[in-house]
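Novice: This structure is in C-alpha cells; I'll ask about it shortly.
The values are calculated or read from the model by the stated rules, or taken from the named source; none is laboratory data. A quick note: this is a predicted structure, and the numbers were derived from the prediction, not measured. Cβ sites come from the backbone with ideal geometry, for glycine too, and all protein chains shown count toward neighbours. The accessibility values were calculated without ligands, DNA or RNA, using every heavy atom of the protein model including side chains. Shrake-Rupley method; radii C 1.70, N 1.55, O 1.52, S 1.80 Å.
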Amino acid sequence: MSILEVEQLVFSYSGENLYHKASMRLFEGDHAVLVGPNGTGKSTLLKLLDKSLSPDQGKIQWQPNKKVGYLDQYAAINPELLVKTYLYDVFLPLFEKEKEMERLYHSIQHAKESEHERILNWAAQLQEQLLDSDFYAIKSKVGNIIHGLGLEMDILEEPIKHLSGGMRAKIILGKLLLGDSDVLLLDEPTNFLDVRHIEWLTKFLINYPKAFIVVSHHEEFLMEIASTVFALENGQITRYKGDYLFYLKERTLRFEQQEKAFISQQQFIKKTEEFIQKNLVRASTTKRAQSRRKMLAKIERIAAPKQNRTYHFHFPLSSTTGKDVLSTKALEIGYTEPLLEPLSIAILKQEKVAITGKNGIGKSTFIKTVLGIIPALAGTFHWIDTAKIAYFEQDSKFDDGLTPFHVIHHKYPHFTKKEVMSLLGNHGIDYDMANRDINTLSGGEQTKVRLALLRHQKGNVLILDEPTNHLDVQAKEALKDALIEYQGTLILVSHEKEFYEGLCDYEISLYET
C-alpha cells in the first residue's frame, strides 16, 4: 500500500523547471534512495515532501496520520538550549504522561474512597502506555544514538552554541532518529560522519522497520541501504525496483535503449522531412506529402538522453616554494580550552597531506588557527615567506541576492562575460544556474562555485576543508584527478578515506587532549 502519492509535480526556481509533471509512489517499508547529479532537485524534492515548500502544480498526498521526519542540517535551533533539552523534547508527550500518572497516584490520598478505583485504573492505563512506548529505556536509546554518531554522553550538558558544525549536525540527526517516524527523509546524513559512524548509521537504517528516502552521494552507503532507487532524470522521477547496483546496470541499459530509439527516430524524421520538402510542390504527390506532414506533427518526440555533466577542475601553480612550507611547535588550538595535545608538525614542499580525526575534534579549528583567522592558545606556527595560499572554507555563506555570475565577476572583475560563463561551465554550472540567486542552488552547486573561485588564484599552497561534502560522484572523481595533477602543496581536511587514499602522501590524525 502506498503511503505517499506524488502526481504531476511541477516546481521551478527563477523560471527553470526542476520537474516536468513528475510522479512517484512510496510504499510501506520502502528503503529508498534518491539519486541524480547536483542541481536536479533532490534536496528540493525532500523539502516539497516535507511541505516546507509548496509545488507550483501537482499533488503531494501523504497517507493520513503518518509522522514524517525530515533531516535539515541547517535548521534553526535555539543556541542557548542544552543538548539534552533539545534531544529529550522528542519524548515530551511521554514525560507529560509520566507526570500525569504521578499526579494521579499522589491525588489518591486526597480523593474520596469511591474514586480510588477509577484513579488507579486511569494511572495504570498511563503506565501501560509508557511501558508500550519503552519509556523506561529512553536513557539507553539516547546513549545508543549518541555513541553511534561518535559523541560522548557529556555532550548532553553542553549548550548547542558550543558545538562545532559537525557536532550540531549529528545532534539534529540524532533527534530525528530518536523520533520514531513513520517515514524518514534524510538529506546527506553522512556529511559529518566518520567511517565507523557511517557503518553504524548503515546498520540502523537497514534494520529500520519503516520507510525512508535518503539523498546521499556516498556510493558505498547507498549500496548498503537501498532496496529501491528513485532517480531524478530529465525532470522525471523514475523508480528502479532494486538495489543501487541494479539501478546502475538498469540505468545504463535504459540509456542505451533511449539513445538507439532517439537516433532511429531522428533518422526517420529527417527522411520524412526530405520527402515532404521534395513532394509538397508536385501536384501528383502533394496529398501524400501533406499526409506525412500531419503524421510527423503527431509523433511523440523522444528526448535526447542526457549525458552526465563533465567537469574541468584545475588548480594552476603560480610559483614554487622552498622546502619547509608549514611548521608548528607545541601549537595549542581551541577557543577557550585546548582541543588537542600540542601539535609539532612539518609539511614540506609539494607534499599532499590529509588532516583527519573524528568530527568536532578540531580539524577546521587547526586550519583557521594556522591561517590566522583565530588566535593560537599557545605555541607557534610558521609559513615559509614564499607561500601563496588558496583556501576553500567548509560551508562558507554567500550573501542573498547574488548569482554565481556576480560572485565570479566580483572576484575577477577583469573577466569578460564569456570568460565568467566559461569558468562556471567548466565547474558544472550552466547558464540558468549562473543567473539564479546562489542561495537557491543545491549544496553541491554552491561547492562548485566556490571551487571555481580558486581556479585563477594561482597559489602554491592549496587548503581544502571538506570540499566533497555535497559533491556528486562525477564531480568528486574530477576533483580528485585535478588534485592528483596539482603541483603545489596540498592540505586537505576530509572524512572520506576513499577520496584521500591514492591522493595524499600521508595523513595527520588529530586526537583529543
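Novice: How many of the residues making up the range 1-50 are surrounded by fewer than 19 Cβ atoms within 10 Å (Cβ to Cβ) and over 26 Å from K210 (Cβ atoms)?
Specialist: Here the count works out to 10.
Novice: On to the next question. Looking only at residues in the range 338-358 that are basic (K, R) and within 16 Å of S509 (Cβ to Cβ), which one is least open to solvent (accessible area, probe 1.4 Å)?
Specialist: Restricting attention to the range 338-358, the residues satisfying the condition of being basic (K, R) are 349, 352, 358.
From the residues that got through so far, the ones that are within 16 Å of S509 (Cβ to Cβ) too are 352, 358.
Values: K352: 19, K358: 55 Å².
If we take residues in the range 338-358 being basic (K, R) and within 16 Å of S509 (Cβ to Cβ), then K352 is least open to solvent (accessible area, probe 1.4 Å).
Novice: Something else: Any chance you could count how many residues in the range 103-133 are open to solvent by 80 Å² or more (accessible area, probe 1.4 Å) and either within 30 Å of I198 (Cα to Cα) or acidic (D, E) (or both)?
Specialist: Qualifying residue count, the range 103-133: 4.
Novice: Conditions first: (1) open to solvent by less than 60 Å² (accessible area, probe 1.4 Å); (2) touching an Asp or Glu at 6+ places or on another chain (Cβ under 8 Å); (3) farther than 20 Å from N460 by Cα. D400 passes all but one, so which condition is the exception?
Specialist: So the condition that D400 fails would be (1).
Novice: Please specify each residue of the range 199-211 satisfying the condition of being open to solvent by less than 20 Å² (accessible area, probe 1.4 Å) and either in contact with a Gly (Cβ under 9 Å, 6 or more places away or on another chain) or at pLDDT below 90 (or both).
Specialist: L201, A211
Novice: Please verify whether L232 is in contact with a Lys or Arg (Cβ under 9 Å, 6 or more places away or on another chain) and touching a residue at least 24 places away in the same chain (Cβ under 8 Å), treating the condition exactly as stated. Before the answer, list the steps.
Specialist: Working: in contact with a Lys or Arg (Cβ under 9 Å, 6 or more places away or on another chain): yes; touching a residue at least 24 places away in the same chain (Cβ under 8 Å): yes.
So L232 fits the description; yes.
Novice: What's the number of the condition N38 fails, among (1) part of a strand (DSSP E or B); (2) touching a Ser or Thr at 6+ places or on another chain (Cβ under 7 Å)?
Specialist: It is condition (1) that N38 fails.
Novice: Go through the range 294-325 and give me each residue that's more than 27 Å from I389 (Cα to Cα), surrounded by 12 or more Cβ atoms within 10 Å (Cβ to Cβ) and at pLDDT 80 or above.
Specialist: Matches in the range 294-325: L296, I302.
Novice: Here are some residues: G143, G58. Which one is under 29 Å from H495 (Cα atoms) and open to solvent by less than 60 Å² (accessible area, probe 1.4 Å)?
Specialist: Numbers: G58 fails: under 29 Å from H495 (Cα atoms).
Of the residues listed, the single one that is under 29 Å from H495 (Cα atoms) and open to solvent by less than 60 Å² (accessible area, probe 1.4 Å) is G143.
Novice: For the range 372-405, name all the residues that are under 27 Å from S442 (Cβ atoms), touching a residue at least 60 places away in the same chain (Cβ under 8 Å) and of a type in the set (A, V, I, L, M, F, W, C).
Specialist: Keep residues of the range 372-405 that are under 27 Å from S442 (Cβ atoms), which gives 373, 390-405.
In the following step, the residues that additionally are touching a residue at least 60 places away in the same chain (Cβ under 8 Å) were identified as 390-395.
Within the range 372-405, A390, F392 meet the criteria.
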